[in-house]
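Structure first, commentary second.
The values are calculated or read from the model by the stated rules, or taken from the named source; none is laboratory data. These numbers come from a predicted model, not from an experiment. Here Cβ is always computed from backbone atoms with ideal geometry, including for glycine, and neighbour counts include all displayed protein chains.
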């Protein structure tokens, strides 16, 4: 059984996915998984193992027809690509709306509504990096038959740029000086500063139909709930609140693809119930399965389990301006004192890799720094001694009468997080640091971070596929600068890298950035997140992609066997 | 009776006002806000969140926010959901039928099971039925609903395939409705049933010792008639109070049951809204449940009179 199921776990070393911090794991607190696991011996595939060949069943070619059911633990908030703040919202809208470009698993922008992705070679990007010109496809129509034109792109920009619209993301909008529809199928963005990363702005979120939304209030429009007019391979059918969202095949889709007659998103708020539905075969796909369910799903005969490292990791966020943790030696000591290997082997069933860099593992600028702070309690104790923390009678260190006690924030309701912080608590006690764990809910947690009103926290960060995403966390002027880490050298590296088009030159700057930040131990990284996606074997064409905002990047190529 | 009802309803207004103020304060007490839920998304910058916060009116002082809400409430505008921008009334109303269906079915199941159990155990001298009742009711009261629910799904849906793993009927045909409803309703009913059965049991024992029962028996009436017409009718009065009080318990039980059984009702809406700090929806849903409790108690009080004409409403 072990060898058989091993074959079904494919490992993809790809890139990242835009997703919400707490989306996938928040509901995993109460679970039957250990109970079921006890009945079924659980084979575990190492994510570092060489990729197994994908099942080569495409000999017959795509078949038109059939149905697909995707189980989702969350319900979308909105099906407007700019208003949704949830991964599941982006997943469903990506079947209906399309962006100018999309991101392939290797992290490259490839055309979608654009005829080609702008580059300096094809003249789409000016030499000075100030002008981006998109040539659009001329064969695209909206689902109501209206032609798609450059006016829709201009409208989408202007509508979302309106500050009264509750857009969740406007990444790159601050760069835009002006936008112009040069003709029906050409649109030009002029920037107020040179940027090498502007493709990100139009690479994920869909273009909206101007003729539909121009008379609507973007925040409250019924089209956010019933997006009947898109350009995508699937057309909206219905959204039954709390139960399901259904789309159907767009028979007039402008490119080859869109094979499945009907795709249903079934909303199932309990991860345990979702697991049962995988066992009964009621659902064909389930994304972002929690680690403790992975061994069980691996034992299910009908599913292929894809394991894809994400542009995201779990880590201890540190307030670098804290009186105790502001001392680099203390941060380094805590890192030496943490046995990451033990955590990934026990709590995470050896399904993920320990992590030790500010950059996530699938990124093209990632440098492996896992060797910088090996698990070494003696080294940790020596560093604390050096920083003036002397061991007391009860084993807890103190300095000038102050005990080495740290307040750690953790998000409640997730058994995996709790196990990890408790293990860490025990490990750090061994080196003389006492950690008090405060269990809070997600909103409280984020409020503490945003106000920098915290000492120490266990959390999760996700990043966009382009390394410019790291600015949000390490640039001292960024609003998401929860670390309170102020290093002019790091600021300079991150800002310089924004205007360098050449990948190798950029990489050099991000390598220096990682070097400095790892040396300063601004965070204690624990493990790189891996997405586990279960797909029934009758579904063909699925390619997990953590570089794109969702796995739906090639949904028009999916088909189901008869 | 009509005057009594009107007076009770008028009396409920200050009560509901007080409740609304307490709920408003409570849901705003924990730190963090609706925009924070979306922080951490790699594409939502802190600047985006600040802008959304301003647009939602969250930067107003809390008393101003409460008065705005109250003003809207009185004029029938319950506000818009932070999550999807739709009116709160619409969001709640489309979820309400599913919850009412589940609650009504549970209440019915609980009563249908509890009445015979309570009467049977109260009128038998043997100890065994009482022991069984004790065990069953202890289980019902102490075993958490999420566990019962998961076990039911695992066994009857996962292993045996007798029931769906969750969700509500799509076709609306009676058999299909029952097929989907039976498991969540039973699980939700289990706790109520246990409580009802214990009350009926003790109430019956008490009533059976009354003089009028002895008189009825002495007259030579059919024991069955004595039991049902004389004893049970009187023993049922406290149960009616219990029914009124059961409404909020069912409502809160639905929070868990609906999540486990993917039931598209208010309970799940509340759970999601708490996690998402969706204040307008929370206020609406809690006010609705407060109104349901007020009405539940009123109906219970009015029903007293139907069961026992001796009860008079002061006018």
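Couple of notes before you dig in:
- Only one of the listed residues (A:468, A:478) is closer than 26 Å to residue A:201 by Cα and part of a helix (DSSP H, G or I). That residue is A:468.
- Within the option set B:198, B:214, being crowded, with 20+ Cβ neighbours inside 10 Å, on the phi < 0 side of the Ramachandran plot and at pLDDT 80 or above holds for one residue only, B:198.
- Extreme residue, modelled with the lowest pLDDT, among residues of the stretch B:20-50 that are surrounded by fewer than 16 Cβ atoms within 10 Å (Cβ to Cβ) and part of a loop (DSSP other than H, G, I, E, B): B:30
- Members of the stretch A:248-278 that are at the interface with chain B (Cβ under 7 Å from one of its Cβ atoms), in contact (Cβ under 8 Å) with a residue 24 or more places away in the chain and over 16 Å from residue B:264 (Cα atoms): A:272, A:277
- Residue match in the stretch B:79-89 (condition: within 13 Å of chain A (Cβ to nearest Cβ), within 25 Å of the chain's Cα centre (by Cα) and part of a helix (DSSP H, G or I)): yes
- Residue in the stretch B:240-262 that is crowded, with 20+ Cβ neighbours inside 10 Å and not in a helix (DSSP H, G or I) present: yes
- The set of residues in the stretch B:263-315 being assigned to a loop (DSSP other than H, G, I, E, B), at pLDDT below 85 and closer than 30 Å to residue B:57 by Cβ consists of B:276, B:277.
- Here residue B:69 meets the list (1) loosely packed, with under 13 Cβ neighbours inside 10 Å; (2) within 27 Å of residue B:264 (Cα to Cα); (3) more than 9 Å from every other protein chain (Cβ to nearest Cβ) almost entirely, failing just condition (1).
- Filter result (in contact with a helix residue (DSSP H, G or I) (Cβ under 8 Å, 6 or more places away or on another chain) and outside any helix (DSSP H, G or I)) within the stretch B:51-75: B:56, B:57, B:58, B:59, B:60
- Flag if residue A:437 is buried (at least 20 other Cβ atoms within 10 Å of the Cβ) and more than 8 Å from chain B (Cβ to nearest Cβ): no
- Scanning the stretch A:158-178 for residues that are within 28 Å of residue A:220 (Cβ to Cβ), more than 14 Å from chain B (Cβ to nearest Cβ) and surrounded by fewer than 18 Cβ atoms within 10 Å (Cβ to Cβ) yields A:158, A:159.
- Candidates B:139, B:133 - the one that is in contact with a helix residue (DSSP H, G or I) (Cβ under 8 Å, 6 or more places away or on another chain), in a helix (DSSP H, G or I) and in contact (Cβ under 8 Å) with a residue 60 or more places away in the chain: B:133
- Restricted to the stretch A:279-299, and to residues there that are in contact (Cβ under 8 Å) with a residue 60 or more places away in the chain and within 10 Å of chain B (Cβ to nearest Cβ), the residue that is nearest to residue B:166 (Cα to Cα) is A:282.
- Selection status of residue B:160, more than 12 Å from every other protein chain (Cβ to nearest Cβ), on the phi < 0 side of the Ramachandran plot and surrounded by fewer than 21 Cβ atoms within 10 Å (Cβ to Cβ): no
- Tallying residues that are touching a residue at least 40 places away in the same chain (Cβ under 8 Å) and either farther than 30 Å from residue A:81 by Cα or surrounded by fewer than 19 Cβ atoms within 10 Å (Cβ to Cβ) (or both) within the stretch B:80-107 yields 9.
- Matching residues in the stretch A:97-123 - criterion: being part of a loop (DSSP other than H, G, I, E, B), surrounded by 20 or more Cβ atoms within 10 Å (Cβ to Cβ) and in contact with a strand residue (DSSP E or B) (Cβ under 7 Å, 6 or more places away or on another chain): A:100, A:112, A:113, A:117, A:118
- The residues listed here are B:172, B:166, B:149, B:140; of these, the one that is under 20 Å from the mean Cα position of the chain (by Cα) and over 12 Å from residue A:276 (Cβ atoms) is B:140.
- For the stretch A:202-218, the set of residues classified as within 14 Å of chain B (Cβ to nearest Cβ), surrounded by fewer than 23 Cβ atoms within 10 Å (Cβ to Cβ) and in contact with a helix residue (DSSP H, G or I) (Cβ under 8 Å, 6 or more places away or on another chain) consists of A:213, A:216, A:218, listed by residue number.
- Subset of the stretch A:219-240 [touching a strand residue (DSSP E or B) at 6+ places or on another chain (Cβ under 9 Å), closer than 16 Å to residue B:87 by Cα and buried (at least 18 other Cβ atoms within 10 Å of the Cβ)]: A:219, A:225
- Residue check, residue B:277 more than 30 Å from residue B:164 (Cα to Cα) and surrounded by fewer than 20 Cβ atoms within 10 Å (Cβ to Cβ): no
- Subset of the stretch A:478-511 (residues that are loosely packed, with under 15 Cβ neighbours inside 10 Å and in contact with a helix residue (DSSP H, G or I) (Cβ under 7 Å, 6 or more places away or on another chain)): A:489, A:496
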